[in-house]
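Presented below is the structure to which this report refers.
The numbers here are math on the coordinates, done by the rules we state, and not lab data. Everything numeric here is computed off the predicted structure, so don't read it as measured data. Note: ideal-geometry Cβ built from the backbone for every residue, glycine included; neighbour counts use all protein chains shown.
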Amino acid sequence: MDNAANKQFVEAFQKEYNRRPTVYAATSYDTARLIASALKVIDGDVEGKPDEFRDALRKADFDSVRGKFKLGPNHYPIQDWFLVEVARNAEGKLDYKHVETIVEDHGDAYSHLCKMDK
């Protein structure tokens, strides 16, 4: 992805592990950033502020490596989906190459059925 959060993540990951990160690594990194953003709002006091922690998680106030990102009413991500292919990059290494954006702002099609408190 061509955004600052992703560029920083890829650079740090490559420096640490000497390889390109996978989609799973990026998703895990986003999850950690989401949790960290909510912990910051409540000064780390999850036990004393559980409702505030949940509210902060719902806001998803962090820079995602996946680009624009928010959570739907059932707390599943709403995000763009991309078609990529694996191809050799300028260094001759296998890498993801963006082909096209398949769908924008896609969320869970069944979120309207969720009974979760919105």
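In table form, for the structure just shown:
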read-out: Candidates Asp95, Asp80, Asp63, ranked by Gaussian network fluctuation over the chain, Cα under 10 Å, top entry; value: Asp95
read-out: All lysines inside 20 Å of Lys93 as judged from Cα atoms, apart from same-chain residues fewer than 8 positions distant; value: Lys7, Lys15
read-out: Within the range 14-106, trypsin sites (Lys or Arg not before Pro) in DSSP loop having at most 13 other beta-carbon neighbours inside 10 Å; value: Arg19, Lys68, Lys93
read-out: Rg/Rg_ref, the chain, where Rg_ref = 2.2 N^0.38 Å and atoms are Cα; value: 1.23
read-out: Contact order normalised by residue count of the chain, Cα under 8 Å, 6+ apart, percent; value: 20
read-out: Proximal aspartates and glutamates to Lys49, defined as alpha-carbon separation beneath 20 angstrom and excluding residues fewer than eight positions away on the same chain; value: Asp61, Asp117
read-out: Selection from Trp81, Val99, Leu113 lying farthest towards where the dipole of the chain points positive, charges on Cβ; value: Val99
read-out: Globularity index of the range 46-94, i.e. its alpha-carbon radius of gyration over 2.2 N^0.38 Å; value: 1.76
read-out: Residue-averaged 222 nm ellipticity for the chain, from DSSP H runs of 4+ at -39500 (n - 2.57), nearest 500; value: -12000 deg cm²/dmol
read-out: Coil-residue GluC sites (Glu not before Pro) of the range 46-118, DSSP, other Cβ within 10 Å capped at 11; value: Glu47, Glu91
